[in-house]
Amino acid sequence: MKPDTAFFGAGNVAFRFALAMQEKGYNISAVYSRTAKSRDRLVKALRANGSGTQAAASIQDLRTASLLVIAVTDDAIPQVVADIAEAFSPLMDNPLPAVVHTSGATPLSVLQPLAELGCPCGVMYPLMTLNRNKNVEFRDVPLLLEATTGELRTVLDRIADDLGGEHYFYSSEERLRMHVAAVFTTNFVNYLLGLAFPIVQHDHPLLIPSTIEAVRNAFLHTPASTLTGPARRGDMETIHKHLEVLQKMGLTEQEEIYRLLTDKILKKYHPEDR
C-alpha cells in the first residue's frame with residue numbers, strides 16, 4: 001500500500017518529488033512551508049492533477065500522513081526537526097508518520113528528536129540538482145536511501161522502484177562521500193565552464209562536443225587514462241602561449257585557475273621536471 005505523504009518544504013526538491021510521486025499514484029495529502037507563496041504554488045500544481053492536497057496551516061496538519069518528507073535547505077533541517085518534534089510531542093499517543101529528509105550532506109542522526117518520539121526515520125536523497133521549473137525523469141535520478149526500520153526500508157524501496165531510477169541504501173557516511181564527489185563532478189565543472197565561456201564569448205557552443213566527449217570517456221574508462229592537453233604532455237611552450245592570451249584579455253581569475261590546475265597536473269605526470 002502506498003503511504004499518504006506530506007511535505008515540509010515546497011522548494012525545488014519538494015516540488016519535483018511531490019509531482020513525481022503523485023504521478024506514480026501516491027496521495028500527497030498536505031504541504032507545509034514557512035513561505036506561503038511556495039506552499040500554495042506546489043499545492044496548486046498538485047491539485048491541477050486532481051488531488052485534494054491540503055495547504056497546511058500548521059505543522060500539526062502533517063501528522064495524519066503516513067510519511068513526512070522534509071525537503072528544506074541543509075542548514076534549516078535541525079530547526080525544522082526541532083519544530084516538528086515540538087508540534088508532535090503532545091500527540092505521542094496517536095500514530096505518528098515516518099519522517100525522511102532529502103539531504104546528501106546531513107546525517108540520519110539529525111532526525112533523532114523524532115526517532116525518540118517513535119517516528120521511523122530515514123533519508124531519500126536524489127543525486128541530481130532538481131529545479132521546479134524543469135521537468136525531470138526520475139528514472140534518470142539515482143536515489144540514495146537510508147532507514148532506521150525494516151518497514152521504512154521497504155517503503156522507501158517501493159517508492160524508488162515506482163519512480164523508476166537506480167537506488168541504493170547508503171549509510172550517512174557513504175552518502176556524504178558521494179555528495180563530496182558530486183561537488184567535483186557538477187559544481188566545480190560548472191564553475192570551470194563559467195571561466196571558459198568569456199574566453200571565446202559567443203562561440204562557447206563549439207565547446208559542447210569536446211566537453212561531453214571528455215566526460216563520457218572519463219566515465220567509460222578512467223580520468224587518468226583519458227586526460228589530454230598541454231599540461232598532461234608537459235608542453236610548456238603551449239602553456240606559456242595560453243597564459244599570454246589570458247593576460248592580454250585581462251582575465252586574471254582564469255589565469256590564476258589555469259596556473260593552479262596546470263601546476264597540479266605537471267606535478268602529477270611530470271614530477272621530474274618540477
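The values are calculated or read from the model by the stated rules, or taken from the named source; none is laboratory data. Note that the structure is a prediction, hence the values are computed from the model and not measured. Neighbour counts run over all protein chains shown; Cβ positions are idealised from the backbone, glycine included.
Exactly one residue out of PRO97, PRO107 is touching a Ser or Thr at 6+ places or on another chain (Cβ under 6 Å) and surrounded by fewer than 19 Cβ atoms within 10 Å (Cβ to Cβ), and it is PRO107. Looking at region 169-199 only, could you name the residues that are outside any helix (DSSP H, G or I) and among the small types (Gly, Ala, Ser)? Within region 169-199, just SER171 meets the criteria.
Per the conditions (1) more than 23 Å from GLU23 (Cβ to Cβ); (2) surrounded by fewer than 21 Cβ atoms within 10 Å (Cβ to Cβ); (3) without any contact (Cβ under 8 Å) to a residue 40 or more places away in the chain, the sole criterion not satisfied by GLU137 is (1). Tell me yes or no: at least one residue of region 83-100 is within 15 Å of the chain's Cα centre (by Cα) and in contact (Cβ under 8 Å) with a residue 12 or more places away in the chain. Yes, there is a match, as at least one residue in region 83-100 is within 15 Å of the chain's Cα centre (by Cα) and in contact (Cβ under 8 Å) with a residue 12 or more places away in the chain. It is to be established whether one or more residues within region 156-169 are over 22 Å from ALA85 (Cα atoms) and modelled with pLDDT under 95. Within region 156-169 (the criterion being over 22 Å from ALA85 (Cα atoms) and modelled with pLDDT under 95), the answer is yes, since at least one residue qualifies. ALA160 falls short on exactly one of the conditions (1) among the small types (Gly, Ala, Ser); (2) over 22 Å from TYR26 (Cα atoms); (3) not assigned by TED's automatic domain parsing to the domain that holds ARG216, and that condition is (2).
Within region 200-208, identify whether any single residue is more than 19 Å from GLU256 (Cα to Cα), exposed (fewer than 12 other Cβ atoms within 10 Å of the Cβ) and of a type in the set (A, V, I, L, M, F, W, C), and answer yes or no. The answer is yes, given that some residue of region 200-208 is more than 19 Å from GLU256 (Cα to Cα), exposed (fewer than 12 other Cβ atoms within 10 Å of the Cβ) and of a type in the set (A, V, I, L, M, F, W, C).
Summed over region 214-240, the residues that are surrounded by 12 or more Cβ atoms within 10 Å (Cβ to Cβ) and touching a helix residue (DSSP H, G or I) at 6+ places or on another chain (Cβ under 9 Å) give a count of 15.
Okay, residues lined up against (1) on the phi < 0 side of the Ramachandran plot; (2) at pLDDT below 95:
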residue	(1), (2)
TYR191	yes, no
ILE199	yes, no
LEU207	yes, no
HIS221	yes, no
GLY229	no, no
HIS240	yes, no
GLU255	yes, no
ASP273	yes, yes
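Just to check your reading of the model, which residue among LEU156, LEU143, LEU192, LEU206 is in contact (Cβ under 8 Å) with a residue 60 or more places away in the chain and of a type in the set (A, V, I, L, M, F, W, C)? If you could, list the steps in order and put the result at the bottom.
Numbers: LEU156 fails: in contact (Cβ under 8 Å) with a residue 60 or more places away in the chain; LEU143 fails: in contact (Cβ under 8 Å) with a residue 60 or more places away in the chain; LEU206 fails: in contact (Cβ under 8 Å) with a residue 60 or more places away in the chain.
When all the criteria are applied, what remains is LEU192.
Inspection of region 177-187 identifies no residue that is within 15 Å of the chain's Cα centre (by Cα) and under 19 Å from LEU19 (Cβ atoms).
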